[in-house]
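Below you'll find the structure, written out as structure tokens, and then a few comments.
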Amino acid sequence: MSHHDDDLHGLLAEYETPSALVAACKKVRDAGYAKWDTFTPFPIHGIEKAMGIRMTGLPWIVLAAALVGLASAVGLQWWTNAVDYKFISSGKPMWSIPANVPVYFELTVLFSAFAALFGMLILNNLPQPSHPLDHLQAFGRVTDDRFFLYIEKGDAKFDLAETQRLLDGTHPVTVDAVNEDRRTSDQLPKPLVLTAAVIAVLALVPFAFIAKARATKTDKPKIHAMGDMDWQIKFQAQQPNPLFQDGMAMRAPEPGTVALDEHPDDEHLTAGKVDGQFVRTFPAGFKVDEATMARGKERYQIFCAPCHGVSGNGDGPVAQRAMTLAEGTWVPPTALGQDYLRQMAVGQLYDVVTNGVRNMPAYGSQIAVDDRWAVVLYLRALQKAKAAPVGDLTDAERAALK
Amino acid sequence: MAMAQSPFDAPPQGENAFARITHNVARVAEVPKPPRGWYIAFGIALTLLSIFGVSIGWLMWTGIGIFGNMNPVFWAMPIVNFVFWVGIGHAGTLISAILYLLRQNWRTAINRFAEAMTIFAVICAGIFPGLHVGRPWLPYWMFPLPNQMSMWPQFRSPLEWDVFAVGTYFTVSTLFWYMGMIPDFGTFRDRSTTRLRKAIFGLLAMGWRGSSRQWHRYERAYLILAALATPLVLSVHSVVSFDFATAQLPGWHATIFPPYFVAGAIFGGFAMVVTLAVPARQFFGLKRIITVGHLELMAKIILATGMMVGYAYSMEFFIAWYGGNDYEMFTFFNRALGPYAWSYWAMIFCNVVSPQVFWSKKMRTNPWVILGVGVLVNIGMWFERFVIVITSLSRDFLPSSWGYYKPTFWDFSLLAGSFGLFFTLFLLFCRYLPMVAMAEVKAFHPSAHGHGDEHH
């Protein structure tokens, strides 16, 4: 064994059998060495005790990861389904434990598994690209069929002659001096760095496209990935159809067809007219009560208030917005409290709701017959409220207004 | 049969038992040319894989109208294939994790490629729900990703549980598989004769040198992963069975489903393991490592789990009668005697009758009989999922909506194609990666006991 002392890294003993190695371990352990290790092709049962290796802390790392996984699963499901995007599913509560248990379990296992593998690698100081032992030809058999014991020069008890004697006494095949690794570059291999850089850049490309799509506008039509789903061989509404005499795909009902809630004979109810004159009374059977008034108010606030305003002053949000834009084409909605409207027959008000007037569109297709009458009733109530004399109020109400 | 001049027929080399194990396993990946049987199998697998590619392409191009799915059978072969492939995977985890915890040391001969089988089967499984959703470029909607629609997945749906269960299963199986291979990658690295092999396996081994301090943490991590994978594998097929069991359809709405699905998955998975192991040991000369004794143990597991699924089949009928629900009773009569009776009896023959040959020791020690039963059981387990999905859906509560589902050409081409993907991946694995866990096999060799000879 010829070497410069400076170059020495440690002493390596080689054994043929696991039992020889375990016996050697006990001697090295008892001699009080600390910076030493054994290298074997497979885990050897009982060697931890022979080497004095203490139990690893890995299980605690895994337990911590398991708890983080569980907490993530609880948080994820609670935030997504109970807070940020509430789902009503099968009449279950918005937040219930049992239906969320499978995902708790899965994420707990997932996080734990990552912690087990990566915790093991980190605790083992892997990846470890090079080691002084790599340059020994004989050490190549460590992953095949040979067993090695290595004592580092850095150990406080290391003494070349003394340590050599100790190892010789353990019946090794050979004992070799291992030199410091001065050959292996401490830089990562260039091709490896280059490959990693190229992959890292390429991995950003999809995100760049997504960012571009999110940040810009396009007037191109959307991509139809499956044409068969978007353009089906069928006739759609408003399309021509040569199969019918009138050339239209949509079919009109047979003449004389009456839908279930239609009353074609009751002109008073459906048109608000009798003998061509607008009626001044509500239809027969129309109940004026709290429920009808509430229904009328609800429909009014859905369909009328956007333009006419909640109080009927013609100042709904649509009107306000149009006035702000001041484009000059806007016909303001009528204020509903005006005298001529208060005098107007209920039949005519019903007709306006049904068929529209001037700029106002027809609502007959959206509001059912009974609901249109309820809206007229509520309108009358609004008008009465606007023109109510002070004498109609109670003392308490007058006091509240002051 | 491998040819006489094949290197795989040569006697094992090496001066001791450990070296012989290394040589036997490593040479499979190191010889310049694999045996001719590998090329034939790979050619068939690639052909099927291209059929898979064409089928998926045509599906993307034209839409899921190419499937035979119809009213009322909206879930059809894609779901049958999904459950079939997920089930196949389960034996791999059972062998690598559960048998590890039970200290069944014979598992070391087969666990590596059973784990590979798991991963490839789960890849095949994962493709089908993606195709089945109709717009195969949107399955990422199943993941909880923030998006411009401000929507989140519905976590109270078993289909969403599936995403997490199968996703976790695939990830954990891959981690487990990779970790198991790290020491063997080290062996490949140290035996490599070319710079390229040394670089690739050096990277994969991450500098593993077999330090005992590292082995200690490694074994602890392995034990933890096994302990995690064990409940995981039981949960995955339970969650898959929830897809059916939480629905109210007769024939699906059954509490027996989770254990019945898990037993069936292990049954089908072991059948796939023997289907792969018998030819692999033949082609690659691994008969001394994967012995007839190993095959016999697997045959016994197939026999046991086969009787468990047989019990589940009969218990379903019993409960249908005992529960006194007319719809339930009708569904089971319909299974055995209705328009799909052929599939029901094919399932019974393959899954319940065929494994019974393993009562005979002569049969369960004959690799070719085991292979035959393995193939039959694979067919039977596919039919089991077909029976569950199709018979229940095709005749539900309203006779006016009944129908008869007929798969189309594309349904079958996708099924055949998924086998192409599976076998392509598997054959590549056999050729390039350590097919047997060398370090584990060595650790359980009789001469591996560190303090053995001190006492004798």
### Query
Can you name the helices (runs of 4 or more DSSP H) wholly within the range B:365-456 that have at least 2 residues being within 14 Å of chain A (Cβ to nearest Cβ) and over 21 Å from B:I290 (Cβ atoms)?
B:452-455
### Message
If I ask for residues that are buried (at least 19 other Cβ atoms within 10 Å of the Cβ) and at negative phi, which ones from the range B:282-293 would you list?
### Response
B:Q282, B:F283, B:F284, B:L286, B:I289, B:I290
### Summary
Selection from the range B:40-71 of residues under 22 Å from the mean Cα position of the chain (by Cα) and of a type in the set (S, T, Y) yields B:T47, B:S50
### Task
Considering only residues that are within 7 Å of chain B (Cβ to nearest Cβ) and in contact (Cβ under 8 Å) with a residue 12 or more places away in the chain, look in the range A:55-66 and name the one that is surrounded by the most Cβ atoms within 10 Å (Cβ to Cβ).
A:V62
### Task
Just give me the residues in the range A:107-118 being surrounded by 20 or more Cβ atoms within 10 Å (Cβ to Cβ), over 23 Å from the mean Cα position of the chain (by Cα) and more than 7 Å from every other protein chain (Cβ to nearest Cβ), in sequence order.
A:A115
### Query
Looking at the range B:343-360, which of the residues that are in a helix (DSSP H, G or I) and without any contact (Cβ under 8 Å) to a residue 12 or more places away in the chain is farthest from B:K406 (Cα to Cα)?
B:V353
### Query
Taking the stated definitions as given, is B:S150 within 12 Å of chain A (Cβ to nearest Cβ), free of Cβ contacts under 8 Å to residues at least 12 places away in the same chain and closer than 21 Å to B:V239 by Cα?
no
### Task
Could you grab me the full set of residues in the range A:147-186 that are within 60 Å of the chain's Cα centre (by Cα) and free of Cβ contacts under 8 Å to residues at least 40 places away in the same chain?
A:S185, A:D186
### Summary
A:K222 vs (1) under 30 Å from A:V28 (Cα atoms); (2) in a loop (DSSP other than H, G, I, E, B): all pass except (1)
### Of all residues making up the range A:156-165, the number that are surrounded by fewer than 16 Cβ atoms within 10 Å (Cβ to Cβ) and either in a strand (DSSP E or B) or of a type outside the set (A, V, I, L, M) (or both)
4
## Note on the structure
Selection over the range B:382-430 where residues are within 25 Å of B:G269 (Cα to Cα) and surrounded by fewer than 16 Cβ atoms within 10 Å (Cβ to Cβ) yields a count of 3
### Message
With the structure loaded, tell me whether B:V31 is at pLDDT below 90, away from chain A (no Cβ under 14 Å) and either over 30 Å from B:P446 (Cα atoms) or touching a helix residue (DSSP H, G or I) at 6+ places or on another chain (Cβ under 9 Å) (or both) or whether it fails that test.
### Response
yes
### Query
Restricting the range A:67-101 to residues that are at the interface with another protein chain (Cβ under 9 Å from one of its Cβ atoms) and touching a residue at least 24 places away in the same chain (Cβ under 8 Å), which is nearest to B:R217 (Cα to Cα)?
A:A73
### Message
Looking at A:V101, A:V28, A:V83 in this structure, which one is of a type in the set (V, I, T) and surrounded by 15 or more Cβ atoms within 10 Å (Cβ to Cβ)?
### Response
A:V28
### Summary
Filtering the range A:22-54 for residues that are at the interface with chain B (Cβ under 7 Å from one of its Cβ atoms) and either touching a strand residue (DSSP E or B) at 6+ places or on another chain (Cβ under 8 Å) or not small (G, A, S) (or both) leaves a count of 14
### Task
Please tell me if B:R112 is among the basic types (K, R) and surrounded by fewer than 23 Cβ atoms within 10 Å (Cβ to Cβ).
no
### Query
Can you name the residue in the range B:213-243 that is facing chain A (nearest Cβ under 7 Å) and small (G, A, S) and is also farthest from A:D145 (Cα to Cα) among such residues?
B:S235
### Message
Given the criterion within 12 Å of chain A (Cβ to nearest Cβ), more than 30 Å from A:D230 (Cα to Cα) and assigned to a helix (DSSP H, G or I), identify the matching residue among B:F185, B:F84, B:F113.
### Response
B:F185
### Task
Considering every residue within the range A:376-387, establish whether at least one is free of Cβ contacts under 8 Å to residues at least 24 places away in the same chain, buried (at least 16 other Cβ atoms within 10 Å of the Cβ), out of contact with any Cys (no Cβ under 8 Å at 6 or more places or on another chain) and in a helix (DSSP H, G or I).
no
## Note on the structure
Residue pairs within 8 Å by beta carbon, gap of at least six or interchain, first lying in the range A:225-245 and away from chain B (no Cβ under 14 Å) and surrounded by 10 or more Cβ atoms within 10 Å (Cβ to Cβ), second assigned to a loop (DSSP other than H, G, I, E, B) and not aromatic (F, W, Y), listed first then second, are A:F235/A:N241; A:F235/A:A249; A:Q239/A:A249; A:P240/A:G247; A:P240/A:A249; A:N241/A:G247; A:N241/A:A249; A:F244/A:R251
### Message
Looking at (1) facing another protein chain (nearest Cβ under 7 Å); (2) over 29 Å from B:F444 (Cα atoms); (3) without any contact (Cβ under 8 Å) to a residue 40 or more places away in the chain; (4) touching a helix residue (DSSP H, G or I) at 6+ places or on another chain (Cβ under 6 Å), which one does A:Y104 not meet, given that it meets all the others?
### Response
(1)
### Message
Which condition from (1) under 23 Å from A:A99 (Cβ atoms); (2) within 13 Å of chain A (Cβ to nearest Cβ) is the one that B:T174 breaks?
### Response
(1)
### Summary
A careful count of residues in the range A:166-180 that are out of contact with any Asp or Glu (no Cβ under 8 Å at 6 or more places or on another chain) and either crowded, with 16+ Cβ neighbours inside 10 Å or closer than 15 Å to A:D37 by Cα (or both) gives 5
### Task
Select from the range B:294-310 the residues that are among the small types (G, A, S) and touching a residue at least 24 places away in the same chain (Cβ under 8 Å) and write down the one among them that is nearest to B:I110 (Cα to Cα).
B:A299
### Message
Looking only at the range B:203-212, how many residues end up being at the interface with another protein chain (Cβ under 8 Å from one of its Cβ atoms), out of contact with any His (no Cβ under 9 Å at 6 or more places or on another chain) and surrounded by fewer than 22 Cβ atoms within 10 Å (Cβ to Cβ)?
### Response
2
## Note on the structure
Only one of B:W215, B:W152 is at pLDDT 95 or above and either crowded, with 19+ Cβ neighbours inside 10 Å or more than 30 Å from B:L59 (Cβ to Cβ) (or both), namely B:W215
### Query
Can you pull out the residues in the range A:119-137 that are in a helix (DSSP H, G or I) and either out of contact with any strand residue (DSSP E or B) (no Cβ under 6 Å at 6 or more places or on another chain) or at the interface with chain B (Cβ under 9 Å from one of its Cβ atoms) (or both)?
A:G119, A:M120, A:L121, A:I122, A:L123, A:L133, A:D134, A:H135, A:Q137
### Query
Taking the range A:210-224 on its own, how many of its residues are facing chain B (nearest Cβ under 10 Å) and under 19 Å from B:P136 (Cβ atoms)?
1
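The values are calculated or read from the model by the stated rules, or taken from the named source; none is laboratory data. What you see is a predicted model; the values in this text were computed from it and never measured. Cβ coordinates were reconstructed from backbone atoms using ideal geometry, including for glycine residues, and neighbour counts include every protein chain displayed.
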